[in-house]
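Down below is the structure, laid out as structure tokens.
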Amino acid sequence: MSQDKRHVIAKRIAQELENGQVVNLGVGIPTLVASYLDEKEVYLQTENGLLGMGPSPSEDELDIDLINAGKEPVTYLRGASFFNSADSFALIRGGHVDVAVLGTLQVDVYGEIANWAVPNQPILGVGGAMDLVAGAKKVIVAATLFTKDGESKLVPQLTYKTSGIKRVDLFVSDYAVFTFPPDGVKVVEMLDDVTIEELSEKVGFPLEYLNPHLQTSSR
């Protein structure tokens, strides 16, 4: 993979988004998606109270008072709306977010995710994770497939605390795109020069394509 793997993930997720959708981008890799929307008319929402978020600012555009939920500087587009956090969460809980793009610690083979608490580590707060998992119409996970220690984030069963029993729709990683039908995880497409057999060995359990006629591809 020649490109920065975080940007490969973000670019692939941008392909899933459609004109007119309200999209929440979580902290980390999800924030990079804003840079790959091209001409798509997508309305980015951040739970600290902005609908119509733009890409990261240039040095001339930087406004230290304009940040997203991850405290990163952002821009806003023409027609954007600002509101308080209570209204922002009412929007999320009311089912008005079309797509939530979230980071994660683990995803199990049925699409249940854990992305807010690590065992034996201080818990700073849930943030909007549980609300977005429950309230968004579609949930996409953006994360590298393996930790720095080489452990797979795609697991047979969660060992971290769940963010909610609702299944995610897609897990876009640096190795592959996964979906989660009722019978368990399937590979939609490969994003690196690795076979599905090699990837199965890396994650520690057998993987199979959603469409058995799919072929491995690199990006």
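The values are calculated or read from the model by the stated rules, or taken from the named source; none is laboratory data. Bear in mind the structure is a predicted one, so any value in this text is a computation, not a measurement. Cβ atoms come from the backbone with ideal geometry, glycine included; neighbour counts cover every protein chain shown.
Of V126, V139, which residue is in contact with a Phe, Trp or Tyr (Cβ under 8 Å, 6 or more places away or on another chain) and either outside any loop (DSSP other than H, G, I, E, B) or modelled with pLDDT under 95 (or both)? Please lay out each step first, then the result.
On the way: V139 fails: in contact with a Phe, Trp or Tyr (Cβ under 8 Å, 6 or more places away or on another chain).
Unique residue meeting the criteria: V126.
If you go through the stretch 177-211 and pick out every residue that is within 20 Å of D149 (Cβ to Cβ) and out of contact with any Phe, Trp or Tyr (no Cβ under 9 Å at 6 or more places or on another chain), you end up with 5. With the condition kept exactly as written, say whether any residue in the stretch 84-102 is among the hydroxyl-bearing types (S, T, Y) and outside any loop (DSSP other than H, G, I, E, B). Yes: the stretch 84-102 contains one or more residues that are among the hydroxyl-bearing types (S, T, Y) and outside any loop (DSSP other than H, G, I, E, B).
Could you list all residues from the stretch 61-83 that are in a loop (DSSP other than H, G, I, E, B) and aliphatic (A, V, I, L, M)?
Passing the criteria: L62, I64, L66, A69, V74.
Pairs linking a residue in the stretch 34-51 that is in contact (Cβ under 8 Å) with a residue 60 or more places away in the chain to a residue that is assigned to a strand (DSSP E or B), with Cβ atoms under 9 Å and 6 or more positions apart or on different chains, are E47/N24.
Out of the stretch 169-207, which residues are closer than 21 Å to H7 by Cα, surrounded by fewer than 20 Cβ atoms within 10 Å (Cβ to Cβ) and of a type outside the set (S, T, N, Q)? Before the answer, list the steps.
Within the stretch 169-207, the first condition is being closer than 21 Å to H7 by Cα, and the residues that meet it are 169-179, 187-194, 199.
Checking the rest, the ones that are also surrounded by fewer than 20 Cβ atoms within 10 Å (Cβ to Cβ) come to 169, 179, 188-189, 192-194.
Correct list: D169, V188, E189, D192, D193, V194.
Only a single item in (1) assigned to a helix (DSSP H, G or I); (2) touching a strand residue (DSSP E or B) at 6+ places or on another chain (Cβ under 6 Å); (3) not acidic (D, E) is not met by A134, and it is number (2). Pairs linking a residue in the stretch 193-205 that is over 16 Å from D108 (Cβ atoms) to a residue that is among the acidic types (D, E) and assigned to a loop (DSSP other than H, G, I, E, B), with Cβ atoms under 8 Å and 6 or more positions apart or on different chains, are I196/E208. Please specify each residue of the stretch 16-28 satisfying the condition of being touching a residue at least 40 places away in the same chain (Cβ under 8 Å) and polar (S, T, N, Q). Answer for the stretch 16-28, where residues must be touching a residue at least 40 places away in the same chain (Cβ under 8 Å) and polar (S, T, N, Q): Q21, N24. Of the conditions (1) in contact with a Pro (Cβ under 7 Å, 6 or more places away or on another chain); (2) under 15 Å from T31 (Cβ atoms), M53 fails just one. Which one is it? So the condition that M53 fails would be (1).
So in the stretch 1-45, with the set limited to residues that are among the charged types (D, E, K, R) and under 20 Å from V168 (Cα atoms), which one is farthest from the chain's Cα centre (by Cα)? Working first, answer last.
First, pick out the residues of the stretch 1-45 that are among the charged types (D, E, K, R): 4-6, 11-12, 16, 18, 38-41.
From the residues that got through so far, the ones that are under 20 Å from V168 (Cα atoms) too are 6, 11-12, 16, 18.
Details: R6: 11, K11: 12, R12: 11, E16: 11, E18: 16 Å.
The extreme case among them is E18.
Checked against the criterion of being within 24 Å of Y43 (Cα to Cα), among the charged types (D, E, K, R) and surrounded by 13 or more Cβ atoms within 10 Å (Cβ to Cβ), the candidates K161, K166 yield just one match: K166. Can you find a residue that is in contact (Cβ under 8 Å) with a residue 40 or more places away in the chain and farther than 28 Å from V188 by Cα anywhere in the stretch 1-15? No, there is no match, as no residue in the stretch 1-15 is in contact (Cβ under 8 Å) with a residue 40 or more places away in the chain and farther than 28 Å from V188 by Cα.
Considering G79, G111, G70, which residue is buried (at least 16 other Cβ atoms within 10 Å of the Cβ) and modelled with pLDDT under 95? Explain how you work it out, then say what you get.
On the way: G79 fails: buried (at least 16 other Cβ atoms within 10 Å of the Cβ); G111 fails: modelled with pLDDT under 95.
The conditions single out G70.
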